[in-house]
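A short reminder: the numbers here are calculations on the coordinates, not readings from a lab. Small disclaimer: the values here were computed from a predicted structure and weren't measured. No Cβ is skipped: glycine too gets one built from the backbone with ideal geometry, and neighbour counts run over all protein chains shown.
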Amino acid sequence: MEKNVTLIALFAALVAALGLIPQIALPFGVPITAQSLGIMLCGTVLGAKRGALSVLLFLLLVALGLPLLAGGRGGLGVFTSPTAGFLVGFPIAAFVTGLITETWRKGSLAVSAGVASVIGGIVVLYLFGISGFALVTGKTMGEATVVMAAFIPGDILKAAIAGMLTAALAKARPASVLSRA
Amino acid sequence: MISLTSPVRTRAHDWPAGLKLAALCVATVLLFKAQNLWVHAGAFAGMLALYHLPGPVFFRAGLRALKVLWPFVVMLAIYHLVTWTPYAGGVILLRMVTAVGLATLVTMTTQLSDLIAVVRWLATPLRAVGLKTTYLETAIALVIRFTPVLLAKGTKLIDAWRARSPRRPGWRIILPFTVLALDDADHIAEALRARGGFDAMET
């Protein structure tokens, strides 16, 4: 039990730290903040239930006013801003990503975790993100999708990286990759 | 780290946090229901007046907190000018800025400890049915304590990369970064168990 709680808490802190460290370069030199990569890793490493709990804990602290979102944002205001849909989608994205990683056990972990990240961390997350943007800014789903589409290529790279990182973590610390424990 | 709370103490700090949160919920629901431009203009002016009340230092801190919205404001303004729907655009823009502004106001004028007390109060039904909320409270404390620790470790990893490579730090450093977090989780779990674990904590 102690290890479950500390892993959930430390991953919440990791998601925060990934959003706050100076930007890292993706392949092809695209600079990004790695926060959404952190959300994917919560699912692929901790599994559905613990991954979602970890993201919920992260969001709770953001709501309490800690500046933990990428760029030092936080507080209650972010939950009514145009990007609030993404925050609502975060825990569900981690859950779906974790569920797919847990159930798809055939073949390489890098592939299943990568595909799980695409479905959970992009398809599910953008569904919520685009709906939220449409709702707050009074636009149609189509218009909101056009605005958000610019960020999807970077997220596909992040999903591939999440897959590779999960496989490497399973080798480095097998006891801590709970999605395959 | 940047603080989102107010640099000056205001009268609103003494109001009960639960009441402020409830009022914020009601205000946000009403804002999203209202479709009249003048209602939104009034709400916007009211929000600005609230920011003005505690003085200029508070007002400037509030503006800084709301600055993150400007890309959205510019984008929406251009969209509604191009499609020539100024009335709808005005409603949407004012509503967005007022909603975020009011929520930020609650964050600025409420201490973290008061908000944690609200979370603990909200969890009362869980304790009543016998669930331990110590897990949640410990986890909150751990995240607050370890985010700066991990941030420092991540910054050191980036420095180590920069000392050895002329290129930008790449995604590869996320692997050792995550391993460090996993190892920290292991060590803390061990330290908690050595002190009796969750069973030894008072609920």
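What the table shows:
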item: Folded to 0 to 90 degrees: helix B:56-66 orientation relative to chain B principal axis, Cα; result: 80
item: Trypsin sites (Lys or Arg not before Pro), loop per DSSP, at most 11 other Cβ atoms within 10 Å - longest free stretch of chain A; result: A:1-104
item: Computed lengthening from B:W15 to B:L175, 0.36 nm per intervening residue step minus Cα-Cα distance; result: 53.1 nm
item: Kirkwood hydrodynamic radius over Cα pairs of the range B:1-115, then Stokes diffusion coefficient at 10 °C and 1.306 mPa s, in µm²/s; result: 105
item: GNM result for chain B, Cα springs below 10 Å: residue of B:G170, B:G55, B:G18 fluctuating most strongly; result: B:G170
item: Distance violations [Cα-Cα > 30 Å] among A:K158/B:K132; B:K132/B:K153; B:K20/B:K132; A:K158/B:K67; A:K106/B:K153; result: A:K158/B:K132; B:K132/B:K153; A:K106/B:K153
item: Label point distance in nm, B:C25-B:L126, each placed 7 Å from Cα along Cα→Cβ; result: 1.7
item: Linear extension gain, B:A152 paired with B:A191, 0.36 nm per residue minus alpha-carbon span; result: 11.9 nm
item: Square roots of five times the Cα gyration tensor eigenvalues for chain A, Å; result: 25, 19, 15
item: The range B:37-86 shape via C-alpha gyration tensor axes, a/c threshold 1.5; result: oblate
item: Choice from A:I119, A:I39, A:I21 with maximal GNM fluctuation in chain A (Cα, 10 Å cutoff); result: A:I21
item: Principal axes of the range B:82-194: Cα extent on each, largest first, Å; result: 59, 56, 23
item: Simple spin-label estimate for B:R168 and A:V123 in nanometres, 7 Å along Cα-Cβ; result: 3.0
item: Cα-based helix-to-principal-axis angle, B:112-122 vs chain B, degrees rounded to 10; result: 90
item: Backbone N under 13 Å from the B:M75 label point (7 Å along Cα→Cβ), restricted to the range A:72-114; result: A:81-86
item: Label-point gap, in nm, between B:F198 and B:L53 - each point 7 angstrom along Cα→Cβ; result: 4.1
item: Cα Rg, Dmax, the protein assembly as shown, angstrom units; result: 21.5, 67
item: Reference-scaled alpha-carbon Rg (2.2 N^0.38 Å with N residues) for chain B; result: 1.37
